[in-house]
Amino acid sequence: MYIKGGNVSLIGEINAPGDKSISHRTVMLGSISEGVTIGDNFLFSEDCINTINCLRNLGVDIKTCDNKVFINGVGLYGLNKPKKELYVGNSGTTIRLLTGILAGQRFQTIITGDKSIEKRPMRRIIDPLSMMGANINSKNNNYPPLTILPVKELNSIIYNQDIASAQVKSAIMFLSLYVNGETKIVQPSKSRDHTERMMKYFGINVIEKDNVVIINSNIKPKGKEVFIPGDMSSAAFFIVGALILKNSHIKIKGVGYNKTRSGIIDVLKEMGGNIEIFNYREVNNEPIVDMEIRSSNLRGIEIKGDLIPRIIDEIPILAVAAACADGKTIIKNAEELRVKESNRINVIVEGLYSMGVGIKELKDGMIIEGKSNFKSGKINTYKDHRIAMSMSIAALMADGVSKIDNISSIKTSYPDFLKVLNELMKY
């Protein structure tokens, strides 16, 4: 893909696409609930479609129409043994969360994905699920494919997470629905809480005390109507684009404003970003807002600690914002980025450095020199959707035309990204 930069602004009004994390969870929880679940504003990206296909292969009747998904839930024990391996494509969320459900079933399942998934560590879910009694075999004791065997008995646990991870937490929460007693998860800091919010909405007994999540499996989930808020992680690309490109002014409607996901707004405001939040409302336990963003003079800051789990997916585009800010930005405690779809620390640094940005790689983050003079060039995204979209925004800052390779990955999370970007761009 070729992107022409230089003297471009973003102007207009858009709706944020449905939240990917909530779309995944709607299908999974709806499938093991009793009754019908309807998901409105569903994100039909490749990742979410793979989740639908996995549950269909497990015997769940799922229909789609326009931007809605209709799930005829089969209850906790109504899934059927699939006739073939379950394939998640590039979706780490699907393989990790669905493994929590599959570990509670009475049949054997094999779940796998593409070459990227086969390189992503699964020990982080295998260990706690095994503590609960699950029997999971994996390649080299860490990597997919995962073979999940039925067990006679599961037990509740108290699990202390070393690193805050919503995927690990959610896998444990899903398996906890199949055990007797109370399961406790202790987080070092609070990660995104969509699973907690949705399980409560579906009638499950979930208690949150500070950074501790407690699940009691006495209540079976019941199907619900779910309106899926706009995805903050997807909106982030246009938020940053409007802040760093001169004479930009955009409005984004219907963005999910969950506190565990709104860290990027906190960071950008601290950097001096002109972002107005308004029209706050709440639907099915999830807050939603509209926002207005104007071009701003940003300043460098230090980003670390408890803030990192709230912005982990947005760090690639935050690095682009930092390269346009006045002064130095330091990002620490983000080693989790090294085990995403790519080694994002390494790939962000490589990509921005090739565009003329002063940037240094750290073991757990990076140091970014602001007010960089971007230059056009050839960017390798390593088939990582967030890198591809971040570098597309970065390319708009450079004079000339940049070539961005391997953009097909964008379809995994935001199929309409390039269409929306073209609609907003004004030369």
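The values are calculated or read from the model by the stated rules, or taken from the named source; none is laboratory data. Please read these numbers as outputs of a predicted model, since none were measured by experiment. A quick note on method: Cβ atoms are made from the backbone with ideal geometry, for glycine too, and the neighbour counts reach across all protein chains shown.
Does residue 232 satisfy the condition of being modelled with pLDDT of 95 or more, touching a Lys or Arg at 6+ places or on another chain (Cβ under 6 Å), over 25 Å from residue 66 (Cβ atoms) and among the aliphatic types (A, V, I, L, M)? Break it down stepwise before answering.
Values: modelled with pLDDT of 95 or more: yes; touching a Lys or Arg at 6+ places or on another chain (Cβ under 6 Å): yes; over 25 Å from residue 66 (Cβ atoms): no; among the aliphatic types (A, V, I, L, M): yes.
No; evaluated as a whole, the condition is false for this residue.
Of all residues in segment 279-303, which are more than 16 Å from residue 231 (Cβ to Cβ), of a type in the set (Asp, Glu) and in contact (Cβ under 8 Å) with a residue 40 or more places away in the chain?
Once the filter is applied, which keeps residues that are more than 16 Å from residue 231 (Cβ to Cβ), of a type in the set (Asp, Glu) and in contact (Cβ under 8 Å) with a residue 40 or more places away in the chain, segment 279-303 yields only 292.
Test residue 350 against the criterion of being free of Cβ contacts under 8 Å to residues at least 60 places away in the same chain, in the same structural domain as residue 259 (by TED's automatic domain parsing) and farther than 25 Å from residue 121 by Cα, and give yes or no. Don't jump to the end; show me each part of the working.
Values: free of Cβ contacts under 8 Å to residues at least 60 places away in the same chain: yes; in the same structural domain as residue 259 (by TED's automatic domain parsing): yes; farther than 25 Å from residue 121 by Cα: no.
No.
Of (1) buried (at least 19 other Cβ atoms within 10 Å of the Cβ); (2) over 21 Å from the mean Cα position of the chain (by Cα), residue 412 satisfies all except one. Which?
Going through the list (1) buried (at least 19 other Cβ atoms within 10 Å of the Cβ); (2) over 21 Å from the mean Cα position of the chain (by Cα), residue 412 breaks only (2).
Does segment 172-189 hold any residues that are hydroxyl-bearing (Ser, Thr, Tyr) and over 19 Å from residue 79 (Cα atoms), and which are they?
Here is the first cut: in segment 172-189, the residues hydroxyl-bearing (Ser, Thr, Tyr) are 176, 178, 183, 189.
Once the filter is applied, which keeps residues that are hydroxyl-bearing (Ser, Thr, Tyr) and over 19 Å from residue 79 (Cα atoms), segment 172-189 yields 183, 189.
Within segment 107-125, how many residues are part of a helix (DSSP H, G or I), touching a residue at least 24 places away in the same chain (Cβ under 8 Å) and over 21 Å from residue 382 (Cβ atoms)?
Start the filter on segment 107-125 by keeping residues that are part of a helix (DSSP H, G or I), which leaves 117-119, 123-125.
Right, trim to touching a residue at least 24 places away in the same chain (Cβ under 8 Å) and you get 117-119, 124-125.
If we keep only those that are over 21 Å from residue 382 (Cβ atoms) too, we end up with 124-125.
Number of matching residues: 2.
Here are some residues: 288, 311. Which one is modelled with pLDDT of 95 or more, part of a strand (DSSP E or B) and either among the small types (Gly, Ala, Ser) or in contact with a Gly (Cβ under 8 Å, 6 or more places away or on another chain) (or both)? Full working, then the answer.
Numbers: 311 fails: part of a strand (DSSP E or B).
Every option except 288 fails the conditions.
On the basis of being surrounded by 20 or more Cβ atoms within 10 Å (Cβ to Cβ) and out of contact with any Ser or Thr (no Cβ under 7 Å at 6 or more places or on another chain), does residue 151 make the cut? Steps first, answer last, please.
Numbers: surrounded by 20 or more Cβ atoms within 10 Å (Cβ to Cβ): no; out of contact with any Ser or Thr (no Cβ under 7 Å at 6 or more places or on another chain): yes.
No; evaluated as a whole, the condition is false for this residue.
State which residue is farthest from residue 316 (Cα to Cα) when the search covers only segment 201-229 and only residues that are charged (D, E, K, R) and modelled with pLDDT of 95 or more.
Going through segment 201-229, the residues charged (D, E, K, R) turn out to be 208-210, 220, 222, 224-225.
Subsequent filtering for residues that are modelled with pLDDT of 95 or more retains 208, 222, 224-225.
Details: 208: 30, 222: 38, 224: 35, 225: 33 Å.
The residue in question is 222.
May I ask you to verify whether residue 156 is of a type in the set (Ser, Thr, Tyr) and buried (at least 18 other Cβ atoms within 10 Å of the Cβ)?
On the way: of a type in the set (Ser, Thr, Tyr): yes; buried (at least 18 other Cβ atoms within 10 Å of the Cβ): yes.
Judged against the criteria, residue 156 is a match.
Filter segment 254-265 down to the residues that are crowded, with 16+ Cβ neighbours inside 10 Å and either touching a helix residue (DSSP H, G or I) at 6+ places or on another chain (Cβ under 6 Å) or of a type outside the set (Phe, Trp, Tyr) (or both) and list them by number.
Answer for segment 254-265, where residues must be crowded, with 16+ Cβ neighbours inside 10 Å and either touching a helix residue (DSSP H, G or I) at 6+ places or on another chain (Cβ under 6 Å) or of a type outside the set (Phe, Trp, Tyr) (or both): 254, 255, 256, 258, 260, 261, 262, 263, 264, 265.
For segment 66-75, name all the residues that are under 25 Å from the mean Cα position of the chain (by Cα), assigned to a loop (DSSP other than H, G, I, E, B) and of a type outside the set (D, E, K, R).
67
Can you name every residue in segment 126-148 that is among the β-branched types (Val, Ile, Thr) and either in a loop (DSSP other than H, G, I, E, B) or buried (at least 18 other Cβ atoms within 10 Å of the Cβ) (or both)?
The first filter runs over segment 126-148 and keeps only residues among the β-branched types (Val, Ile, Thr), leaving 126, 136, 147-148.
If the condition is that a residue be among the β-branched types (Val, Ile, Thr) and either in a loop (DSSP other than H, G, I, E, B) or buried (at least 18 other Cβ atoms within 10 Å of the Cβ) (or both), then 126, 136, 148 are the ones that fit.
Which of the residues belonging to segment 4-48 are assigned to a helix (DSSP H, G or I) and among the charged types (D, E, K, R)?
If we filter segment 4-48 for residues that are assigned to a helix (DSSP H, G or I), which is where we start, we get 20-31, 46-48.
Correct list: 20, 25, 46, 47.
Taking segment 120-141, which residues are in contact with a Gly (Cβ under 9 Å, 6 or more places away or on another chain) and charged (D, E, K, R)?
The answer is 120, and nothing else.
Which condition number in (1) of a type outside the set (Lys, Arg); (2) touching a residue at least 40 places away in the same chain (Cβ under 8 Å); (3) surrounded by fewer than 17 Cβ atoms within 10 Å (Cβ to Cβ) is the one that residue 276 fails?
Going through (1) of a type outside the set (Lys, Arg); (2) touching a residue at least 40 places away in the same chain (Cβ under 8 Å); (3) surrounded by fewer than 17 Cβ atoms within 10 Å (Cβ to Cβ) one by one, residue 276 breaks only (2).
Since residue 116 meets every condition but one in (1) farther than 29 Å from residue 408 by Cβ; (2) of a type in the set (Gly, Ala, Ser); (3) under 21 Å from the mean Cα position of the chain (by Cα), which condition does it not meet?
Condition not satisfied by residue 116: (1).
Take segment 76-113 and flag every residue that is within 20 Å of the chain's Cα centre (by Cα) and hydroxyl-bearing (Ser, Thr, Tyr).
Within segment 76-113, 87, 91, 93, 94, 99, 112 qualify.
I need the full set of residues from segment 143-165 which are aliphatic (A, V, I, L, M) and modelled with pLDDT of 95 or more, in order please.
Our first condition is that a residue be aliphatic (A, V, I, L, M); within segment 143-165, this holds for 146, 148-149, 151, 154, 157-158, 163-164.
Of everything in segment 143-165, those that are aliphatic (A, V, I, L, M) and modelled with pLDDT of 95 or more turn out to be 146, 148, 149, 151, 154, 157, 158.
Cβ-Cβ below 8 Å, separation at least six or inter-chain, first residue in segment 404-427 and on the phi > 0 side of the Ramachandran plot, second buried (at least 20 other Cβ atoms within 10 Å of the Cβ) and in a helix (DSSP H, G or I): which pairs?
Partner pairs satisfying both residue conditions: 406/388.
Considering segment 373-403 alone, what residues qualify as being of a type in the set (Ser, Thr, Tyr) and buried (at least 24 other Cβ atoms within 10 Å of the Cβ)? Outline the logic, then answer.
Applying the first criterion (of a type in the set (Ser, Thr, Tyr)) to segment 373-403 yields 376, 381-382, 390, 392, 402.
If the condition is that a residue be of a type in the set (Ser, Thr, Tyr) and buried (at least 24 other Cβ atoms within 10 Å of the Cβ), then 381, 390, 392, 402 are the ones that fit.
Quick check on segment 385-410: of everything there that is among the charged types (D, E, K, R) and touching a strand residue (DSSP E or B) at 6+ places or on another chain (Cβ under 9 Å), which residue is nearest to residue 324 (Cα to Cα)? Spell out how you get there, then give the answer.
We begin by selecting, within segment 385-410, every residue among the charged types (D, E, K, R); these are 386, 399, 403, 405.
Pick out the ones that are also touching a strand residue (DSSP E or B) at 6+ places or on another chain (Cβ under 9 Å) and you get 399, 403, 405.
Values: 399: 14, 403: 20, 405: 23 Å.
Here the residue is 399.
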